[in-house]
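Visitor: Handing you a structure now.
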Amino acid sequence: MNKPLFLLLSLIAIASASDDKTDRATLKGVKNVCVVVEVADQAQARLGKEKLQTEIESKLGQAGIQVDKNANTCLYLNERSLQAIGQQSILRKQKLMALYAIDLRLEFLQTVALTRDPAAKTFAPTWSSTNMATVSADELNRTALEMADGLMDQFIAAYKSVNP
């Protein structure tokens, strides 16, 4: 890998949020959140955006975190699933397999200001967690829900650690 590309990828990794003590501190004092769910390739998605949205909002409510669609702090879930493609060795044809890679990313987005210019504000992730798995087609729906549930447990623990 060439050095400029490696440096760029390293900086992107540094700029992204995670679930450490500093990132958890950015959740302190948050009173309510909106929920945004994005499911890539909705036409072929086996798991509906609405189902994930409902599950997340319900879990937040059970944890005592108020959901407000007009809040300026948002919990964002991005779900991507990609069907595996195999190659037949004889004809060199690609064929879809009953296997999926599934990637879920949960981010907490809020308005942040630049230290060099506090008037310059933007919307950015300040906390995040991800999970990825390979799963058979018949287990995709259940696995995606379980993964989203696990990410939500992690967010709720982070939130409650700074908002007792």
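The values are calculated or read from the model by the stated rules, or taken from the named source; none is laboratory data. Every value quoted in this text rests on a predicted model; they were computed, and no experiment measured them. Here the Cβ positions follow ideal geometry from the backbone for every residue, glycine too, while neighbour counts run over all protein chains shown.
Visitor: Quick check, is residue 81 part of a strand (DSSP E or B) and modelled with pLDDT under 90?
Guide: Criteria met by residue 81.
Visitor: Give me the pairs, please: first residue somewhere in region 107-121 and under 28 Å from residue 38 (Cα atoms), second residue anywhere and surrounded by fewer than 14 Cβ atoms within 10 Å (Cβ to Cβ) and basic (Lys, Arg), beta-carbon distance under 7 Å, and either six or more positions apart or on two chains.
Guide: Partner pairs satisfying both residue conditions: 111/121; 112/121; 113/121.
Visitor: For residues that are surrounded by 15 or more Cβ atoms within 10 Å (Cβ to Cβ) and over 11 Å from the mean Cα position of the chain (by Cα), scanning just region 125-134, find the one that is nearest to residue 32 (Cα to Cα).
Guide: Here the residue is 126.
Visitor: Out of (1) at pLDDT below 95; (2) under 19 Å from residue 74 (Cα atoms), what's the single condition that is false for residue 157?
Guide: Condition not satisfied by residue 157: (1).
Visitor: Every residue in region 119-147 that is assigned to a helix (DSSP H, G or I), touching a Leu at 6+ places or on another chain (Cβ under 6 Å) and among the small types (Gly, Ala, Ser), please.
Guide: The one that is assigned to a helix (DSSP H, G or I), touching a Leu at 6+ places or on another chain (Cβ under 6 Å) and among the small types (Gly, Ala, Ser): 144.
Visitor: What tally of residues in region 136-164 results from selecting those that are surrounded by fewer than 18 Cβ atoms within 10 Å (Cβ to Cβ), hydrophobic (A, V, I, L, M, F, W, C) and out of contact with any Asp or Glu (no Cβ under 8 Å at 6 or more places or on another chain)?
Guide: Residues meeting the conditions: 4.
Visitor: Mind listing just one residue for me: the one in region 20-71 that is modelled with pLDDT of 90 or more and basic (Lys, Arg) and, of those, surrounded by the most Cβ atoms within 10 Å (Cβ to Cβ)?
Guide: Among those residues, the one meeting the criterion is 24.
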